[in-house]
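Q: This is the structure I have questions about; it appears just below.
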Amino acid sequence: MARARQEPVRRPRRRGRVTRPQIPGVSKKQLDHWLRLELLQVPFADGRRGTGRRRIWSEEEVRVATDMGRLRRAGVALRQAARVARAGEQAVQEVLARLHDGGEGGGGDEGAGELS
């Protein structure tokens, strides 16, 4: 007697990626640090907190983390890099151009009031 073939259970698709994104120049340890400081908002996949839990990375948060990495490599302070990255691509380009053209250091809070 032949058994009926069962269809696989289909789970609803989540928006965003569950695995940690590969961001050039940003290590896993840096991403974890930024998450602990709540500079990135990436919810846990199962809604519960804890070590080893998966997170749902939206495209926006991947973009913010990528821009933060670019700004940090240019010498911008961490919290300022997070503010600028959240402000959008135009703000990131302006800060990077200002650093490149003027050669000013990004480690202080000068200019941070413009983005608040």
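Q: Write out, first by first residue and then by second, each pair whose Cβ atoms fall under 6 Å of each other, whose residues are 6+ apart or on separate chains, and whose first residue, in segment 68-84, is within 10 Å of Val95 (Cβ to Cβ) while the second is not hydrophobic (A, V, I, L, M, F, W, C).
A: Sorted first by the residue in segment 68-84, then by its partner, the pairs are Val76/Gly106; Ala81/Arg72.
Q: Given the residues Arg79, Arg98, which is the only one that is modelled with pLDDT of 95 or more and either more than 23 Å from Gln41 (Cβ to Cβ) or exposed (fewer than 14 other Cβ atoms within 10 Å of the Cβ) (or both)? Quick ask: steps written out before the conclusion?
A: On the way: Arg98 fails: modelled with pLDDT of 95 or more.
After ruling out the rest, the residue left standing is Arg79.
Q: Filter segment 43-98 down to residues that are outside any helix (DSSP H, G or I) and of a type in the set (S, T, N, Q) and give me whichever is nearest to Ile23 (Cα to Cα). Give the derivation first.
A: Taking segment 43-98 and keeping what is outside any helix (DSSP H, G or I), we get 43-58, 74-77, 88.
From the residues that got through so far, the ones that are of a type in the set (S, T, N, Q) too are 51, 58.
Working: Thr51: 21, Ser58: 14 Å.
My answer is Ser58.
Let's see how each residue does on (1) over 16 Å from the mean Cα position of the chain (by Cα); (2) at pLDDT 85 or above:
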site: Glu7; (1), (2): yes, no
site: Arg13; (1), (2): yes, no
site: Val18; (1), (2): no, no
site: Gly25; (1), (2): no, yes
site: Asp32; (1), (2): no, yes
site: Arg36; (1), (2): no, yes
site: Leu40; (1), (2): no, yes
site: Arg53; (1), (2): yes, no
site: Glu60; (1), (2): no, yes
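The values are calculated or read from the model by the stated rules, or taken from the named source; none is laboratory data. Owing to the predicted nature of the structure, the values given are computational and were not obtained by experimental measurement. Don't worry about glycine lacking a Cβ; one is built from the backbone with ideal geometry, like all the others, and counts go over all protein chains shown.
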